[in-house]
Amino acid sequence: MLGKKVSGRGKVIKKKQELKFLALLSDITERKRQEERYKSLYEFERLISLISIDFINVLNKNLDDLIDQTLKKIGQFVNAARCSLFIFSEDSSMMTNTNEWCIDPSDSQIDILQNIPSEKFGYYLKLLKEKKGVIVNHINDIPSEAIGEREWVKKYGFRSSMFVPMTYKNNLFGTLGFYGEINVEREWSKDIINLLRLLANIFVNSIVRKRTEQKLKESEEIFRNIVESIPLGLHMFEIDSAEKLIFTGSNSTADKILNLNNKQFIGKTIEEAFPPLKETDIPDRLREAAFKGEPSKWEQVTYEDEKIKGAFEVHAFQTSPRKVVSTFTDITERLEAEKKIKESEEKYRSLFENMTVGFAYHKIIVDENNIPIDYQFLEANPAFEKLTGLNTNEIIGKPVTEVLPGIENDPVDWISKYGRVALTGIPITFESYAEPLDQWYSVLSYSPKKGYFAVTFTNITDRKKSVQNLRKSEEKYRLITENANDLIAVLNEKFEYEFINENVYQNILGYGIEDLIGKVNLELIHPEDRKQTTIALSRILRKGKGSHQLRTEAKNGTYKWLEVTAKNFYDSKGRKKILTISRDITDRKIIENSLQKSEQKNRNIVNSIPLGMHMYQVNSEGNLIFIGANSTADKMFNVDNRKFIGKTIEKAFPPIKDTDIPDSFLDAALTGKSSTWDQITYEDEKVKGAYEVHAFQTSPGNMVASFADITERLEIERNLRESEEKFRTIADQSFMGIGIIQEDKIIYANEAISKILEYSLDEIMPWTKSSIVLNMIHPEDLQMLREQRKRRRIDNPNLKPNISYRIITKSGAIKWIDQYLKVIIYHGKEAELISIIDITEKKHAEEIILQENLKLMELNKMREDLIIRVSHELRTPLTSIYGASQILLNHHKKELNKNVLNLVEISHRGGIRLKKLIENLIDTSKLKWEKLILNRKNEDLGAIVDECVEEMMLLAQNRNIIINTDLNNKIFLKVDKLRLEQVITNILSNAIKNTPSLGKIYISIIETKNKVGINIKDTGIGITLEEKKLLFEKFGKIERYGMDLGVDIEGAGLGLFISKEIVELHGGQIIVKSEGRNKGTEVIIELLK
C-alpha cells in the first residue's frame, strides 16, 4: 500500500470479551489521478476560455503583446520550457518565428529564426500540411529521415516537443510549438493537444483579422486619396430615420469648384445646406437614387444677364441603400465654347447662304489606279445655283457625269483639272466662259483636304463686256485719231492734276476733268505700285525728268498698265510743274505675261516629258546649229548640254559626224520631212545603249530630235525570244504532251502529244476545241470535263490544277491521261497551256493496289473481331481464376504451406496482368470503333491524383521509390473520373517501373488561364528520341531486355495508347519531355478548362 491512496471505514466489535477493530480499505489511487487530471483539464479549459475573451476585444496594435502573454500563460500551465509561434509564407517555402516565450529569457531564439527555409524541417512540414501535428515524447521518436529536426532538437537539448498545425481556409498558415524542459521527457495528452489546437485557431483568426483590417485600412486610404484627387466634385448624402436627405461630406475638389468649405454643412438637410436647390427637383432626384438605386444625370446651368454664370454636369448614384453620391464637373467653358461654335456656324452659314460668290464642295472619284474619273457634288450655296442655273437640291450627292452628261469628253478636261487639285492640294485660278449661259466666271479651286475640292465662282461678265466694249472704243478712236492715244497731264509740286486731255483719259481710264483736276488721286495707283511711283515722281522733281511703269485703276474698277514719261518745267509764274505723257501698255503687259507663262509652261512640259530633246537651227551658211536641250536629255546622257549651245552638230557631237544623222536632221529642218529610226550601240556583242529617234520640223529652218531610251525594251524582247526558243526545245523533247490553244485553235503541239493520241501533228494542228471532243475524249467523261471547265470559269479557288480522264486514240485504244491546264499570255493574247501525261499503266497499278487494300482491310477487320471475341471469351474464366486466387490469399493464406502460397501468388499476379491486358484490349477496341463514351462530371483534380497516388503507393514502396506531391489548390474540372484515374495510374505505374530503386517521382498540378496540367516527373532511365516515337503506338512496347537498367519491363504496349486517346477525348493532350537516357522523364496531362 506504500505510495498508494486509499479510503476506508471501520468499526469496533466485541468478541469473546475482547474489543477488536474491523477496517475495510479501498485503493483509490487511479481515481485520484483521474480527478487531478480532470481538475487540471478543467483549469486549462477555463484558461483557454479567458484567453479567447481577451482576443475578442484586443486591438490590432496590442495583438503581438497579447500573443506573448498568452504563450507565457500556456507555457507555464503545461510546464513547457519554451513556446513559439511560426508563420509560413503563402507557398509554405519559408517560416518565421513571430512570437515566443522562454522560461529562461536568455534562451530566446526569435532573432535568428527569421525567414528559415521550410524544407529544413521537411518531415515536420509534411505532417503539419496533413493537419496531423507533431508529437515527440522522446528524442528517439523522431524518424531517421527527419534529419533537420533531429539536429535542431539535439542542438537545443529538448527531449520532448509538440507542434500544433495552424490552418486557414484548409491551407497551412503556421505552427504553435511547445518544448519540454531540457533533458526532461514527457507525454502530451490528447485533451491538452485538442485545447492547444483550439488556441492555435484563436491565434490564426486574430492574426488574419489584423491583416484584413490593415488591408481594409490601406484600401480605404487609397480610395480616400483617389476621391480627393479626382477632378470631379463629390457630395455625399444619406437618408436619416426621418426620411430627410442629410449632407454627410464632400471631397476637396468640390470645395475648390464651388469655392466653399463644405464641412460647415455636414449634418444639415440638403435644403438647409444649399438653399438655392430648394425650389428645384434636384433633392427629389437624389432621394430617388438613394431609395431605388437608379442613377440619373443632368446639366445644371445658371445665367446672369443672359450669359452663363455657371454650368455643371451632375451624376447621382447610390453607393449603398439610403446613401447617394452626386458628382459634378464644371462645364462652363465647354458650354461657352459650344455657344461660340454655334454662333460661328450660324454666322458662317448666313455668310455662305447670302454671299454673292458661288461656292460648291465636291469629292473626287478615282479608279483602281488612283486616276480621277468623276466627282460628286456635296454642297453648294444659293449663289452657285443663281450663277450656274443648276438646282442645288437636284445635284447634291450626284456625280458630275450625271448632272452634266458629256463633261468627261470636254476638251478642257474638268475632271482631271479638279482631280489634280483634290489629290495634290495645289489650287488653281482661271476664267471660264459658259456658252449655254453666255456668262463669264472667275474660278478659284482649292482642296481643304485630300480627295476633296471646293470651287468659288465670281461673275465677271460685266467686266469682260466692259473690256470688250473698251477695246471696240479704242479701235474706233484709233482709226479716227491715230496719234491721240497717249494720256497727257500736268501736275504741280503737290502732285495735283492741273490738266488732262480729257477725251483720251475718258477713253482709256474713264475719268473726266471733274474726276481728276485739283486732286492728287494717288489712291488710283495700284497698292503695290504706290511707293515706287511716289519715289519716281520725287526723283523727277529733283532731276528734271524720268520714266516709270505703273498700274492705275480705271473708273470701271480695272487696272491699266501705263508707261509714264515725265519732265519738269516752269510756268509763266515760275512755278515748277511736271508734264507726264502716259501710254497705255496694258495689252503689251498682258501679252508679255501670257508669253512668259506660255514659255514657262512649254519649258516645264519639255523638261518633264520622259523623252530627251535636242533643238537645232539652220544658220545663214546652211549649217545645223545646236541651240538647246531639255533636262531629260541631260539626265539620259549624263551631260550638261548647255556647253554645246551655238556649236554645229558635228562639233557638239563628234561620234555622229560620219553617220547620216546630220543629213536627216537638216532635211527635217529645211523640208519638214520627219523621220524615225532606232540607234543602237554594242559592246562585247551586247546592247550598250539603244534609242528610238524621231526628227521633225518645228518651224522653217528649225527642228527637234526626240529620243527615247529603248535599251530595256530591246533586252526584254531578246530575252523573250531566247525564252521562247528554250521552251520550244524543252517542249519538243519532253515526254509530256504539251499544247497551246488560242482563240479556239491549236497553235502549238509537240511530238509527245502526237505519240499519246496516235495522230500526226499535221492531223492535230487543224483541230478546234469541238474537234478535240469529237476525236479523242471518252463519251463517259465528257460531262465531268464540262463541269470542270464551268467551275474554272467562276474562278473556284478549291479547284485542283489537274484532272484525269480517258481518251480514245486513233487506233481505238482507250488510254487514261492526267491533264494540267493553265491560262497564259501568249504573243500578247490570252491562251490555254495544256499538258498531258499518259497514266494508263499507273491507273492499272492503282486498281490492283485498291483491290489488295480491300483484302487487307477485310483481314484487319477479321483480326480486330478475333481480338475482341477472344478478349470477351477470356474475361469470364479469368474472373473465376482471379477471384479464386484473391479469396485464397485474403481468407485462406494461413492454411497454405509456403510452396502452395508462392504458386497462388504467382497465379494471382499473372491474373492481374492478364486482366489488365484484356481490359486494355477491350478499351482499344472501343476506341477503334468510337464506342468509348465519357461520363464527365465536375471533379476535384487534386483528390483524383491523391487517390491514384494512394493506389500506387504499395508498388512504389516495394521498389523503394519516394513520391512527392504538390496539390495545394483545389481545381475543379469536368472529367470522366474513372477514365482520368486510368490515365494517371497508367502513367504513374510507368514512372515507377522505369525508375530505379531509391528514385523519386514528383507530381504537381499547374493551372494557367486556359489550361490545367497534371505533371508527373521521375528521376528514372529517361527516353531516347527513337523510343519516344513508339510511346503512343498501339502495342508500341519499348523493349529493354538485357539492358541492365534496373527497371520493370513488363507490359503489352497498350497503356499509353489508351491514355492518349482518353485525354484527346477530353479535348487535351499528353506531352512527354526527356533529355535522354538516365535523365528522367516528365509527362504532362494537359486538359482544357
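The table that follows gives values for the structure above.
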read-out	value
Relative exposure of K1028, K937, judged by other C-beta atoms within 10 Å (fewest first)	K937, K1028
Cα centroid separation, segment 374-451 to segment 49-80 (Å)	95 Å
Theoretical FRET efficiency, 1/(1+(r/R0)^6), r = Cβ-Cβ of K339 and S442, R0 51 Å, to 0.05	0.85
Unsatisfied cross-links (Cα-Cα over 19 Å) in the set K531/K576; K1009/K1060; K815/K842	K531/K576; K1009/K1060
Cβ-derived FRET efficiency at R0 56 Å, S93 paired with L260, nearest 0.05	0.50
Proximal charge balance of E692 [Cβ under 11 Å; K/R count +1, D/E count -1]	-1
Amide hydrogen neighbours beyond the local backbone of N964, cut-off 5 Å, H modeled	I1001, Y1002, I1003
Tensor-based shape of segment 930-991 (alpha-carbon gyration tensor, a/c under 1.5 rounded, otherwise prolate or oblate)	oblate
Anisotropy class of segment 58-216 from Cα gyration tensor, a/c 1.5 cut	prolate
Of K72/K169; K450/K555; K263/K339, pairs whose Cα-Cα distance is over 32 Å	K450/K555; K263/K339
Inter-label distance for R211 and E43, nm, one decimal - labels placed 7 Å from Cα along Cα-to-Cβ	3.6 nm
Neighbourhood charge, 12 Å Cβ-Cβ cut-off, centred on A454 and excluding it, Lys, Arg +1 and Asp, Glu -1	+1
Neighbour net charge for T1019 - beta-carbon separation under 10 angstrom, K R +1, D E -1	+2
Cα-based shape type of segment 355-459, given that a ≥ b ≥ c are square roots of the gyration tensor eigenvalues and the cut on a/c is 1.5	rounded
Extension reserve of the V301-E119 stretch, reckoned as 0.36 nm per residue once the Cα distance is removed	58.6 nm
Net length gained if the chain between K843 and N492 were fully extended (0.36 nm per residue, minus Cα distance)	114.6 nm
Y123, Y616, Y42 arranged by Cβ crowding within 10 Å, fewest neighbours leading	Y42, Y123, Y616
Linear extension gain, S252 paired with S734, 0.36 nm per residue minus alpha-carbon span	164.4 nm
Cβ-based exposure ranking for Y748, Y511, in which fewest neighbours within 10 Å come first	Y748, Y511
Relative contact order (%) - criterion: Cα under 8 Å, at least six apart; region: segment 933-1088	24 percent
Inter-label distance, nm, simple model (7 Å from Cα along the C-beta direction), E36/R583	15.0 nm
Label point distance in nm, Q851-N890, each placed 7 Å from Cα along Cα→Cβ	5.9 nm
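Where a number appears in this text, it was derived from the coordinates with a stated rule and is not lab data. Source: prediction; values computed, not measured. Because the Cβ atoms are built from the backbone with ideal geometry, glycine has one as well, and the counts that use them run over all protein chains shown.
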